[in-house]
Amino acid sequence: MMNMNYKFSVIIILLFSIFFVELEYAFTIKESKTHRLLLHCKKKCQNKNMKSKRFCKKCHSLGMFNKNEMLEKKNSLVMLSNSSKFDYNKIENLIVFGDSHSAVLTNFTDMSYTGWNFSGGKNWPLYLIDFNNIKLWNYAVRGAYINKKFSKFVNNIDLEKQYTYYYENMSEGKQFSNVWNKYNSLYVFWFGTCDIGWRIKGTNKEIIENLFNVIKRIYDVGARNILILGAPPLYRIPYRKNYNQCKGISDGECIEVLKKEVLEFNNEIIKLSKIFFKKYSYMNLIYYSTVNIFEDIIKNCYEYGFKDCINSWGGNKKKNVSDFFWANSHISYPANIILAKNINELLNSLNK
């Protein structure tokens, strides 16, 4: 009897073992198939080729496209929302905040502008709107800081004030509120020259926190496409010794101080951009490195069509401004063309 029970127990154990092996094998096969399908999806669908629409529905069902996208491109960090798609072809408004690198002498009452700037011709926002036939709303002002409380010189139109003009003109119910929406507008911020060169107190971290405090308010008004240009390489500017950071030190020391400051300033932008995007992911946030493009032009000066990328045209008025990368402490109009084209190529590439 015991022998019979023993045999029965062994048979039961064997049957259960076979069952669990088969079950595990079935799950393994299913998991393996899912994994292979995901890989196939990534290969076939991630380029968003609309010819593959029917097949790619499987990718959606597997949750492949439910996540926002963060990727590095040349000269930039791109953070794209899955729920608020960036479509550069639909951008009709370029809304700019910044200093004299972007300013076009705007009348903030009616938002008309003369176009005057320091480049010896047009500057980058004027070229960018020409490439795409879009409307410019430019709040940038010469000598502007992110927040004037950190600065040596008092310019009352810092980013805080620029935001006030924007809010009074373009928020809901205001005179220009009906010309834009969250899908057809690109907001651009370019600061750093005055914030680094003329800072007398505070840290880069505090300054960039102020930047993102204003960006949050603009996000609340409705901004969903934001481009931030990093601080330019101030250590390359011909008049760098005039900066507050370089008083009483040699030119070599000045270069090293400014390199450190620019790197830290831009790293803070990148760091807080990632944090901001994770918190407010219903938006598209792009960081663009002006350091990288400026350095590339200076390194390959003649290939870009310049004769001088070190000195400024400002001290050589008898010569042609188009031969110089630097017009003064600002880049010349041919350099602005290159900058605008490079930004335009980046933004166009996000549609593909």
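Odds and ends about this structure:
- Of the solvent-accessible surface of the range 217-272, computed with a 1.4 Å probe over protein heavy atoms with every protein chain present, carbon and sulfur atoms account for 50 percent.
- Ligands, DNA and RNA aside, MET70 has an accessible area near 90 Å² when probed at 1.4 Å.
- Gain on full stretching of the segment that runs from TRP116 to CYS301 - 0.36 nm per residue minus C-alpha separation: 64.0 nm
- Restriction of the chymotrypsin sites (Phe, Trp or Tyr not before Pro) in the range 123-206 to DSSP coil positions whose beta-carbon has at most 16 other beta-carbons within 10 angstrom yields PHE153, PHE176, TYR183.
- For ASN244 and LYS90, a Förster radius of 41 Å and the Cβ-Cβ distance give a FRET efficiency of 0.45, rounded to the nearest 0.05.
- Count of Lys pairs (Cα-Cα under 20 Å; at least 8 positions apart or interchain) in the range 173-276: 20
- Separation in nanometres of the label points that stand 7 Å from Cα toward Cβ, at ASN351 and PHE131: 1.2 nm
- Taken one residue at a time, the phi angles of the range 207-219 give Karplus couplings (6.51, -1.76, 1.60, θ = phi - 60°) of 5, 5, 4, 5, 4, 6, 5, 6, 4, 4, 5, 5, 4 Hz. Gly and Pro are set to x.
- Additional length obtainable on full extension of the chain from PHE153 to ASN184, 0.36 nm per residue less Cα span: 7.5 nm
- Rounded accessible area per residue of the range 296-348, 1.4 Å, Å²: 49 Å²
- Square roots of five times the Cα gyration tensor eigenvalues for the range 88-189, Å: 22, 18, 11
- Surface/4 of the Cα convex hull for the range 309-352, nm²: 3.2 nm²
- Relative contact order of the range 232-320, defined on C-alpha pairs under 8 angstrom at six or more residues apart (%): 30 percent
- Nearest-10 value in Å² for the accessible area of SER312, using the 1.4 Å probe: 10 Å²
- Taking all protein chains together and rolling a 1.4 Å probe, THR109 ends up with roughly 100 Å² accessible.
- Coordinate range of the alpha-carbon atoms in the range 217-352 per principal axis, descending: 50, 37, 25 Å.
The values are calculated or read from the model by the stated rules, or taken from the named source; none is laboratory data. Computed from a prediction, not measured in an experiment: that's the story for all the values here. Ideal geometry is used to build each Cβ from the backbone, glycine not excepted, and the neighbour counts take in all protein chains shown. We work out accessible area using only protein heavy atoms, side chains counted, and drop any ligands, DNA or RNA first. Shrake-Rupley method; radii C 1.70, N 1.55, O 1.52, S 1.80 Å.
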